[in-house]
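Working notes for the structure below.
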Amino acid sequence: MGTQGADHYFSSQPSTPLKRRPLTVVLAGAERQLQTAGGIFNPDGVDKGTAVLLSEAPPPAAAGNLLDIGCGWGPVALTLALRSPGAAVYAVDVNVRSIDLTNDNAKALGLANVHASTPDAVDPALRFATIWSNPPIRVGKEELHNILLTWLPRLAKDGNAYLVVQKNLGADSLQRWLAAELLQRFPAAGFTVSRETTAKTFRVLRVTRTAD
């Protein structure tokens, strides 16, 4: 899952030649004409986990800053922007091809509120009302933990993050780890971690920040 030839979707510079192709998908209830390419995560459409996230997560905040961690060609970020046109949507990925595709697909849909970039290009002072992510489990546990501990503490007060994780790839253990780690590292933030729903072979985890 998530590989294209010899490339991993978490390679910053895919070695496969860039060859864009059209992609027709349904996002936010309507068919969209977009572009995709090899060397990114799930280039051929909306993968099963992301589909679960998009259908099961509650509506995103209508305003403020929203975040998609690991944007690929943009299904989550584009959906956030379509559903919350009054919000600013930030999409991060280490894969430059994914970043370019997300930005170009946003332009194709007339979504001026999408800003895709590498993680270090996002202003560290920003706080997020909603975070949606199909996190890159296959980068390894240590790197996954680093990613989550970089972004989840940047939830705004009363903000919610929704993470879709396959059950057999450690959803329940990740939920327990997040609950313990966030409490230990950020005791004043009042983080709570719960299971929002189970759908097919996936769990959607919810992380809420209850204090400043």
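Details
- Residue ID - nearest to ARG154 (Cα to Cα), chosen from residues in the stretch 167-176 that are in a helix (DSSP H, G or I) and out of contact with any strand residue (DSSP E or B) (no Cβ under 9 Å at 6 or more places or on another chain): SER173
- Boolean, LEU182 is in a helix (DSSP H, G or I), surrounded by 15 or more Cβ atoms within 10 Å (Cβ to Cβ) and not polar (S, T, N, Q): yes
- Some residue of the stretch 128-136 being out of contact with any strand residue (DSSP E or B) (no Cβ under 6 Å at 6 or more places or on another chain) and within 30 Å of ASP104 (Cα to Cα): yes
- The condition of being under 16 Å from ILE69 (Cβ atoms) and at pLDDT 95 or above holds for only one of ALA180, ALA121, that being ALA121.
- Filtered residues of the stretch 23-44 (kept if under 18 Å from the mean Cα position of the chain (by Cα) and either hydroxyl-bearing (Ser, Thr, Tyr) or closer than 26 Å to ASN160 by Cα (or both)): VAL26, LEU27, ALA28, THR36, PHE41, ASN42
- Residues satisfying the stated conditions in the stretch 1-31, i.e. at pLDDT below 95, touching a Ser or Thr at 6+ places or on another chain (Cβ under 9 Å) and not in a loop (DSSP other than H, G, I, E, B): GLN4, ASP7
The values are calculated or read from the model by the stated rules, or taken from the named source; none is laboratory data. In this text the structure is predicted, and so the values were computed from the model without any measurement. Because the Cβ atoms are built from the backbone with ideal geometry, glycine has one as well, and the counts that use them run over all protein chains shown.
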